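Every number in this text was worked out from the coordinates using simple rules, so none of it is lab data. Bear in mind that the values here come from a model prediction, so they are computed numbers and not experimental data. Because the Cβ atoms are built from the backbone with ideal geometry, glycine has one as well, and the counts that use them run over all protein chains shown.
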Amino acid sequence: MIKCLTRSDARIAPQCPLYAECGGCNLQHLSHEAKSPPSSSR
């Protein structure tokens with residue numbers, strides 16, 4: 001990605017202070033709900 005045009009409502013502040021530089025945890029900015037697959041009801 002070159003540039004983020006709009007931020008998602010699911011975006012949160014990453015907990016790691018090195019998040020922007022490291023890149024090791026590339027989904028730390030997403031809320032838990034956004035990372036979880038939708039549950040299916042049977």
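Mean separation of Cα pairs under 8 Å and 6+ residues apart, divided by the residue count of the chain: what relative contact order is that in percent?
Values: 20 pairs, mean separation 15.9, N = 42.
Relative contact order here is 38 percent.
Computed from the C-beta positions of residue 35 and residue 4 and an R0 of 25 Å, the FRET efficiency is 0.90 to the nearest 0.05.
Computed over the chain, the Cα gyration tensor eigenvalues convert (square root of 5λ each) into semi-axes of 24, 14, 9 Å, ordered from largest to smallest. The H on the amide N of residue 30, modeled in the peptide plane, is under 5 Å from the matching H of 12, each at least 5 residues off or on a different chain.
Run lengths n ≥ 4 of DSSP H only: what is the helix-derived mean residue ellipticity at 222 nm for the chain, with -39500 (n - 2.57) per run over all residues, to the nearest 500? It would help to have the intermediate numbers written out before the result.
Values: 2 runs with 8 residues, N = 42.
Roughly -2500 deg cm²/dmol at 222 nm, from the helical runs in the chain.
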